[in-house]
Amino acid sequence: MEPIAERADAPGVLDLPPAHLELAWRALQIADAPAIFGLIQAIEAADNPPQRESYEEVVELFEGSWKDLERDSLGGFDVHGTLRAYAVVEVRPGDTRTVRAFLRGAVHPDWRGRGLGRAVLTWMEGRGRQKLAESGKDLPARLATFVEERARDQRRLYAAAGFSPIRWYTQMRRDLSRPLPEVDAPQGVRVVPWSVELDEQVRLAHNETFADHWGSEPQTPETWKQHGSHFVPRWSFVALDSSEGQDEVAGYLLSGRYEQDWPVLGYTCGYTDLLGVRQAWRGKSVAVALLASAMSAYRADGMEYACLSVDTANPTGAYGLYEKLGYEATHGEVLYSVEI
């Protein structure tokens, strides 16, 4: 494999989108968070995606010591100083198998059809290639972006730029008015509430658990701390095995509460953000015990559904497990990429 600096084919100079597009461009900063949120809301009102973004999630774009927003972000402002387009590129520090540059950008609905989408994508791809080269990691590399499955215009835009759809993620829901699964954890294993004291053990267990999952990379202590502004400790659980005389993490489930989605979905739900079972405990109903605990907690707080997302090609057969537990597919996302 050639060095990443060669394979990335990064531009020596990254040009801003052309002047004829009638926007002034500069790097984004935390003070722009309200403007970005307003732009995202306008886009959501026009496109009607099945999930919505909160202001807290916009703020998270700026958090993390590994981020260099001065070089890795771009905002396009009209003559009145109103944000009309934005772009953000991120490479996380923990990548050890495939170094990934995630691209995220959008254009205000009223400014579409002028070539802005292509220009923003060109900038993101160029900056992504630069960041891959700058990583110095001579690993397989990827330019990646997630697109809502029904967003045909976005999918065409990325396809025209040479990105390919390589992975599908299905959103699923489970009606909590139905009887919950009855399952006992295996002997020696007990399900306990998540706690700060267990969190580092859970992080290490997560990195081990997802080592055989496509597209997953290790979480560093800092990236892991970004559980998200919607993380709900009381809906999160850890399976501990004490059969060897001391507690060992066998599995875990971390949940989020995304109230901004509920009006669009038409129901309330507890969302399983992360679910993992370490190799030695797979096939022993640990995942079902964790899910049952989460469902019970969701229902106790008045939620109507339990929701989650699953990689349809998950090597553990998770999709089939969720179906057996009563989860039904609702919508999906597609990962578009350029493999380098």
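The values are calculated or read from the model by the stated rules, or taken from the named source; none is laboratory data. It should be emphasised that the depicted structure is a prediction, and the values quoted were computed from it without experimental measurement. A quick note on method: Cβ atoms are made from the backbone with ideal geometry, for glycine too, and the neighbour counts reach across all protein chains shown.
Hey, can you tell me all the residues within region 164-180 that are in contact with a helix residue (DSSP H, G or I) (Cβ under 8 Å, 6 or more places away or on another chain) and surrounded by fewer than 16 Cβ atoms within 10 Å (Cβ to Cβ)? Across region 164-180, the qualifying residue is only PRO165. Just one residue in the set LEU240, LEU265 is closer than 18 Å to ASP184 by Cα, aliphatic (A, V, I, L, M), assigned by TED's automatic domain parsing to the domain that holds ALA294 and more than 16 Å from the chain's Cα centre (by Cα); that residue is LEU240. Screening region 103-193 for strands (runs of 3 or more DSSP E) wholly inside it with 1 or more residues that are outside the structural domain of LEU291 (by TED's automatic domain parsing) and touching a Lys or Arg at 6+ places or on another chain (Cβ under 6 Å) returns the ranges 141-148. Cβ-Cβ distances below 6 Å connect the following pairs, each with a first residue in region 17-37 that is in a strand (DSSP E or B), a second residue that is of a type in the set (Phe, Trp, Tyr), and a separation of six or more residues or different chains: ALA24/PHE77.
GLY105 satisfies every condition listed in (1) under 22 Å from the mean Cα position of the chain (by Cα); (2) modelled with pLDDT under 95; (3) not aliphatic (A, V, I, L, M) except (2).
Tell me, which residue of region 312-323 that is touching a helix residue (DSSP H, G or I) at 6+ places or on another chain (Cβ under 9 Å) and at pLDDT 90 or above is surrounded by the most Cβ atoms within 10 Å (Cβ to Cβ)? For region 312-323, the residue satisfying everything is TYR322. Count of region 18-37 residues, restricted to those that are of a type in the set (Gly, Ala, Ser) and either under 21 Å from the mean Cα position of the chain (by Cα) or crowded, with 18+ Cβ neighbours inside 10 Å (or both), is 2.
Of the listed requirements (1) at pLDDT below 95; (2) closer than 20 Å to THR122 by Cα; (3) among the hydroxyl-bearing types (Ser, Thr, Tyr), SER65 misses just one: (2).
Within region 45-56, the residues that satisfy the criterion of being crowded, with 17+ Cβ neighbours inside 10 Å and of a type in the set (D, E, K, R) are ARG52, GLU53.
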